[in-house]
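J.: Here it is, the structure in full.
Just so you know, all these numbers are worked out from the coordinates, no wet-lab data involved. Being a predicted model, the structure only gives us computed values, none of them experimental. Neighbour counts run over all protein chains shown; Cβ positions are idealised from the backbone, glycine included.
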Amino acid sequence: MNTSIDAMAVDTDRPRAPRAAPHATHTFKLLLRREFWEHKGGFLWAPLIAGAIFLLFSLLGGGAGQLAFLRHADKTMQINGREIAITEVNWGELLSSASPNDLRQLHDFINGMTMLSASWPLLVFGFVVFFYLLGCLYDERKDRSVLFWKSLPVSDRDTVLSKLGTALVVGPLLATGIGFATMLGFGLIVSAFLLFNGANPFTLYWAQLDLPLLLGTMLSWIPMYILWALPTAGWLLLCSAWAKSKPFLWAILLPVFAGLLVSWFDLLRFVRLDSSWFWEHIVARLLTSAWPGSHLLGMIDDSTMEVASRDGLDLSTLAGKLAATDLLANPSLWIGAAAGVVMILAAIRLRRWRDEG
């Protein structure tokens, strides 16, 4: 008995090894998780609700279309020189006799229509990320929670970068996933109406749908989006860290007033540039680059975009355009990204010494 007590005393007196500090990646992961849970309503529920509203409108619109279809059930259409009532059309036979060009057009139409159904969650995400970046550093000073976060062993750099990663990586991935789920829901609604009208949705709809390519097309915009959105992200973070009040007005009015001054006094004439250059490359890049798909504006003069507007885009071409690898050779992309990085570094410095009151 005494021996056991002595052994316990020896173990108690033995110095313990110092606990290892948490790895930087683990800390950053926890910061990302904190940002997500604090702003779950914006990054998760807002796109989900937008997708659900779209599906509801699709269901209501499909119901209205079905009623109109039934009212004109006695109408006929010409198929291979025969008059056939709309309600008696054999869609499977019609599909089997279609030409390769007709099948290609059907394939592009179905995939394009389905992909368009994902636009609502992505559109809402654009608003969410704009106001998130604008308020993330200002709000923590406003409610003085920054005092608590600064008391933790987490650097200002990691804190700001976690907010940036939430906006430009986590948010787009969530919005893309919700958009893809919305596409599947839209496909189920279309399938229900096809079944109700005697058509086989597996041959008429799902066989034409290229789901892997659709998912790849939706994911293809994210890498270019991260680069293209840096000017807006940097500017909004800078305003959020700097403004003592009303960061929204500062973020909007400063670039707009600067553009008005440049236009009124034609200040760019000294460098032989038109004032529209300032609005396009400064004002628009500072305020709109964080919206999904806005990087396509950088390709507005691309001849392939002109062809697309005239002849349409197939899905593989659209995926290439969303990936926008052509923009990598555009100096405005890298100049804007560099400016965004500078503003992000300035926001980190401002958070370090800004008055919390």
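J.: With a 10 Å radius around each residue's Cβ, average the other Cβ atoms per peptide and rank 27-34, 226-233, 100-107, highest first.
T.: Going from most to least packed, we get 226-233, 27-34, 100-107.
J.: At 0.36 nm per residue, minus the direct Cα-Cα distance, what do residue 103 and residue 60 gain on full extension? Give it in nm, one decimal, please.
T.: Length gained, residue 103 through residue 60: 12.6 nm.
J.: On to the next question. Multiplying the sequence separation of residue 330 and residue 33 by 0.36 nm and subtracting their Cα-Cα distance, what value in nm do you get?
T.: Taking 0.36 nm per residue and subtracting the Cα distance, the gain is 103.4 nm.
J.: Based on the Cβ-Cβ distance from residue 119 to residue 157, what FRET efficiency comes out when R0 is 45 Å, to the nearest 0.05?
T.: Computed FRET efficiency for residue 119 and residue 157 comes out at 0.80.
J.: Ranked highest first by average number of other Cβ atoms within 10 Å, how do 346-353, 172-179, 58-65 line up?
T.: 172-179, 346-353, 58-65
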